[in-house]
1. Do we find that Ile128 is touching a helix residue (DSSP H, G or I) at 6+ places or on another chain (Cβ under 8 Å), farther than 27 Å from Met4 by Cβ, among the hydrophobic types (A, V, I, L, M, F, W, C) and in contact (Cβ under 8 Å) with a residue 60 or more places away in the chain in this structure?
2. Could you figure out which of (1) part of a loop (DSSP other than H, G, I, E, B); (2) out of contact with any helix residue (DSSP H, G or I) (no Cβ under 8 Å at 6 or more places or on another chain); (3) over 23 Å from Glu96 (Cβ atoms) isn't true of Ile49?
3. Listed residues Leu18, Leu28, Leu72; which is surrounded by fewer than 19 Cβ atoms within 10 Å (Cβ to Cβ), in contact (Cβ under 8 Å) with a residue 40 or more places away in the chain, in contact with a Ser or Thr (Cβ under 9 Å, 6 or more places away or on another chain) and within 21 Å of Gly113 (Cβ to Cβ)?
4. What is the residue count in segment 181-207 for residues that are touching a residue at least 40 places away in the same chain (Cβ under 8 Å), closer than 21 Å to Gly113 by Cα and not in a loop (DSSP other than H, G, I, E, B)?
5. Looking at this structure, is Leu171 assigned by TED's automatic domain parsing to the domain that holds Glu200, crowded, with 19+ Cβ neighbours inside 10 Å, more than 26 Å from Asn61 (Cα to Cα) and out of contact with any Pro (no Cβ under 7 Å at 6 or more places or on another chain)?
6. Given the condition free of Cβ contacts under 8 Å to residues at least 12 places away in the same chain, surrounded by fewer than 16 Cβ atoms within 10 Å (Cβ to Cβ) and over 15 Å from the mean Cα position of the chain (by Cα), answer yes or no: does some residue in segment 6-15 qualify?
7. Which condition does Leu117 not pass, out of (1) crowded, with 17+ Cβ neighbours inside 10 Å; (2) at pLDDT 95 or above, if it passes all the others?
Amino acid sequence: MIFMFYIVATPIGNLKDLSQRAVEALSLADFIVCERPNHSLKILSFWGIKRKTLVAFTESNKRFSIPKIIGLLKTGKTACFIVDAGTPGVSDPGSELVAAVREQGIKILSVPGPSALSSAIPLTGERISKFLFAGFLPRKKKELLEFLELAKNNDFCLVGYESPFRLEKTLALVPESFKVVLVSEISKLHEKVLKGTAKEILAQFESDKNLKKGEFVVFFKPQS
């Protein structure tokens with residue numbers, strides 16, 4: 001039997017951003033591994049992909065879902081692995097699933113596409129030739145400041161993801177010696193880029209609460 005496991009990138013905003021190859025892989029798959037089945041159904045419905053068996057895979061259920069997924073694959077079924085938005089395996093437990101699949105000798109294929117990180121960098125308008133990607137930014141003040149100090153000492157940009165609910169708390173910890181760039185709502189109607197010191201951006205939030213909506217890619221660039 002030929003076992004096939006596709007890692008498929010999904011849109012981070014506009015559903016039309018799904019590639020033709022991704023549509024083909026999802027259409028051919030026997031089952032789809034995803035974060036939230038209800039969310040994934042919206043993507044499948046938009047592209048006219050017939051209803052599939054959806055297997056939820058999250059941090060909380062990975063202990064039980066990985067053996068289930070492996071078992072389905074070993075019966076000769078083809079699977080696609082997607083997350084709610086973007087490329088699987090970036091700041092999610094996808095790496096553990098992929099490692100488990102590879103250990104079973106199952107063929108893994110990548111179907112590349114949207115990624116919030118790679119899409120945000122050109123939108124900044126900044127020259128970012130080297131950077132440290134921190135995934136979701138640290139919640140603890142000490143850890144965040146250590147990351148910022150590392151970036152400053154090595155002259156590279158610190159990049160991470162942040163939710164709108166924690167963004168103000170995070171920015172309040174950032175020294176004025178860093179230029180901050182926020183990118184949000186990528187490929188959506190209200191795509192936006194905000195620049196300035198942390199203090200300047202916090203002032204913008206005070207004057208317009210709508211600016212804080214959406215998930216953010218955050219860049220901290222040391223200023224000489």
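The values are calculated or read from the model by the stated rules, or taken from the named source; none is laboratory data. Model, not experiment: these values are computed from the prediction. All Cβ positions, even for glycine, are placed from backbone atoms using ideal geometry, and neighbour counts span all protein chains on display.
1. Working: touching a helix residue (DSSP H, G or I) at 6+ places or on another chain (Cβ under 8 Å): yes; farther than 27 Å from Met4 by Cβ: yes; among the hydrophobic types (A, V, I, L, M, F, W, C): yes; in contact (Cβ under 8 Å) with a residue 60 or more places away in the chain: yes.
So Ile128 fits the description; yes.
2. (2)
3. Values: Leu18 fails: surrounded by fewer than 19 Cβ atoms within 10 Å (Cβ to Cβ); Leu72 fails: within 21 Å of Gly113 (Cβ to Cβ).
Result of the check over Leu18, Leu28, Leu72: Leu28.
4. Final tally of qualifying residues: 1.
5. Values: assigned by TED's automatic domain parsing to the domain that holds Glu200: yes; crowded, with 19+ Cβ neighbours inside 10 Å: yes; more than 26 Å from Asn61 (Cα to Cα): yes; out of contact with any Pro (no Cβ under 7 Å at 6 or more places or on another chain): yes.
Against the criterion (assigned by TED's automatic domain parsing to the domain that holds Glu200, crowded, with 19+ Cβ neighbours inside 10 Å, more than 26 Å from Asn61 (Cα to Cα) and out of contact with any Pro (no Cβ under 7 Å at 6 or more places or on another chain)), Leu171 qualifies.
6. Looking only at segment 6-15, we keep the residues that are free of Cβ contacts under 8 Å to residues at least 12 places away in the same chain, and these are none.
No, segment 6-15 has no match at all.
7. With (1) crowded, with 17+ Cβ neighbours inside 10 Å; (2) at pLDDT 95 or above applied to Leu117, the lone miss is (2).
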